[in-house]
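The values are calculated or read from the model by the stated rules, or taken from the named source; none is laboratory data. As the structure is a computational prediction, the values presented were derived from the model and not from experiment. Note: ideal-geometry Cβ built from the backbone for every residue, glycine included; neighbour counts use all protein chains shown. SASA here: full protein model, heavy atoms, side chains in, ligands and nucleic acids out. Shrake-Rupley method; radii C 1.70, N 1.55, O 1.52, S 1.80 Å.
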Amino acid sequence: TIRLLIAMASIYNLIIHQMDVKTTFLNGELDEEAPKQWHQRFNEVVLSNGYLLNQSDKSVYSKFDETGKRVIICLYVDDMLIFGNNQVQVDLTKEFLSSRFSMKDMGRGAYVILGIRIKHESNGIAISQSLYIEKVLKKFNYIDCTPVSTPMDTSEKLMPNNGQDVSQLEYSRVIGCLMYAMTCIRPDIAFDVGKLSRYTSNPSTQHWQVIQRVLKYLKKTMDYRLTYTGYPSVLEGYTNASWISNTEDNSSTSGWVFMLGGGAISWASKKHTCITGSTMESEFVALAAAGKEAK
């Protein structure tokens with residue numbers, strides 16, 4: 001959702017401001033279901049002021065008036081981004097929220113939300129995760145590793161563990177961190193993380209060596225980012241499939257990426273849940289999956 005909103009901001013030259021909710025769970029009468037009640041409380045306040053709740057993402061609220069002025073609020077627990085095409089309307093929204101909740105105005109500039117850094121540049125809006133990736137590398141003692149240029153050796157064939165085990169807990173922790181980076185702004189590691197995550201229950205030394213390579217690749221590409229220039233302003237989608245890429249069960253792998261405003265807004269690399277009989281059939285399965293995502 002954040003990527004889609006940023007792509008729209010680049011296309012329509014929307015203003016972006018960030019606000020932070022101070023002591024989130026003290027805003028209202030909350031009990032052990034604090035997160036749920038906080039969201040309900042915020043929901044009631046915002047909807048009563050004329051905002052509409054997005055039915056696809058319950059964390060997004062929008063308000064449009066008859067003159068074409070519009071404001072969009074994107075809420076993630078205690079962080080929010082406010083998008084608008086009119087500075088006065090954005091300021092009024094911030095004043096309204098500050099009157100109902102204890103808020104901190106982060107202003108306009110470079111923001112960090114959910115570990116994603118958003119920055120306005122001369123050619124558009126860029127999002128990156130260098131600080132998060134650096135934190136991950138430090139966490140697993142790879143900050144001083146020798147970087148590599150590719151996340152996986154294409155000749156490497158991952159197989160189930162039939163030998164020496166490695167720490168499942170440590171492997172799972174690394175996978176979790178990599179999946180978050182992949183989900184946020186790193187489509188370039190989607191295929192590799194997708195394959196490695198299949199062996200989380202019983203990782204081997206081979207799997208650990210491959211996951212180490214992904215960490216080394218992230219060290220090399222820590223400053224990679226997605227940039228939204230605002231063009232083209234139409235949704236573009238690409239999909240492909242690799243027939244019988246998994247020799248263990250003869251399954252195929254497909255992937256897709258959707259672009260808007262010059263940057264990727266959605267992507268995935270997934271193992272097929274059915275066995276296909278030809279390259280063409282696997283391509284159709286991939287196309288069907290991409291079509292569902294496009295909806």
Q.
Can you report the number of residues in the stretch 183-211 which are within 22 Å of the chain's Cα centre (by Cα) and open to solvent by 30 Å² or more (accessible area, probe 1.4 Å)?
A. 7
(Q) Of everything in the stretch 36-64, what is under 19 Å from ASN85 (Cα atoms) and in a loop (DSSP other than H, G, I, E, B)? Give them in sequence order. (A) ASN49, GLY50, TYR51, ASN54
Q: Filter the stretch 77-98 for residues that are polar (S, T, N, Q), in a helix (DSSP H, G or I) and out of contact with any strand residue (DSSP E or B) (no Cβ under 7 Å at 6 or more places or on another chain) and give the result.
A: SER98
Q: Kindly list, by first and then second residue, each pair from a residue in the stretch 193-221 that is of a type in the set (Ser, Thr, Tyr) to a residue that is assigned to a helix (DSSP H, G or I) and open to solvent by less than 50 Å² (accessible area, probe 1.4 Å), limited to pairs with Cβ atoms under 6 Å and residues at least 6 apart or on different chains.
A: SER197/ILE175; TYR199/HIS207; THR200/SER172; THR200/ILE175
Q. Somewhere in the stretch 99-115, is a residue at pLDDT below 95 and assigned to a helix (DSSP H, G or I)?
A. yes
(Q) As an exercise: evaluate THR146 against (1) exposed (fewer than 13 other Cβ atoms within 10 Å of the Cβ); (2) at pLDDT below 95; (3) closer than 30 Å to GLU170 by Cβ and give the number of the one condition it does not meet. (A) (2)
Q. Taking the stretch 54-93 on its own, how many of its residues are over 22 Å from PRO35 (Cα atoms) and open to solvent by 20 Å² or more (accessible area, probe 1.4 Å)?
A. 15
Q: Can you tell me which residue among THR154, THR146, THR183 is free of Cβ contacts under 8 Å to residues at least 12 places away in the same chain and assigned to a loop (DSSP other than H, G, I, E, B)?
A: THR154
Q: For THR276, state whether it is open to solvent by less than 60 Å² (accessible area, probe 1.4 Å), part of a loop (DSSP other than H, G, I, E, B) and either in contact with a Lys or Arg (Cβ under 7 Å, 6 or more places away or on another chain) or over 30 Å from HIS120 (Cβ atoms) (or both).
A: yes
Q. Is it the case that some residue within the stretch 247-260 is open to solvent by 70 Å² or more (accessible area, probe 1.4 Å), modelled with pLDDT of 90 or more and of a type in the set (S, T, N, Q)?
A. no
(Q) Return the residues of the stretch 122-131 that are closer than 19 Å to ASN13 by Cα and loosely packed, with under 15 Cβ neighbours inside 10 Å; say none if nothing qualifies. (A) SER122, ASN123
Q) Is it true that TYR171 is farther than 30 Å from GLY262 by Cβ and aromatic (Phe, Trp, Tyr)? A) yes
Q. Mind checking which residues of the stretch 94-114 are within 30 Å of TYR224 (Cβ to Cβ) and surrounded by 15 or more Cβ atoms within 10 Å (Cβ to Cβ)?
A. MET106, TYR111, VAL112, ILE113
Q: Using the structure shown, decide if LEU137 is in contact (Cβ under 8 Å) with a residue 24 or more places away in the chain, aliphatic (A, V, I, L, M), in contact with a strand residue (DSSP E or B) (Cβ under 7 Å, 6 or more places away or on another chain) and not in a strand (DSSP E or B).
A: no
Q. Condition test on LYS119, is it under 27 Å from SER233 (Cβ atoms) and either surrounded by 13 or more Cβ atoms within 10 Å (Cβ to Cβ) or in contact with a Gly (Cβ under 8 Å, 6 or more places away or on another chain) (or both)?
A. yes
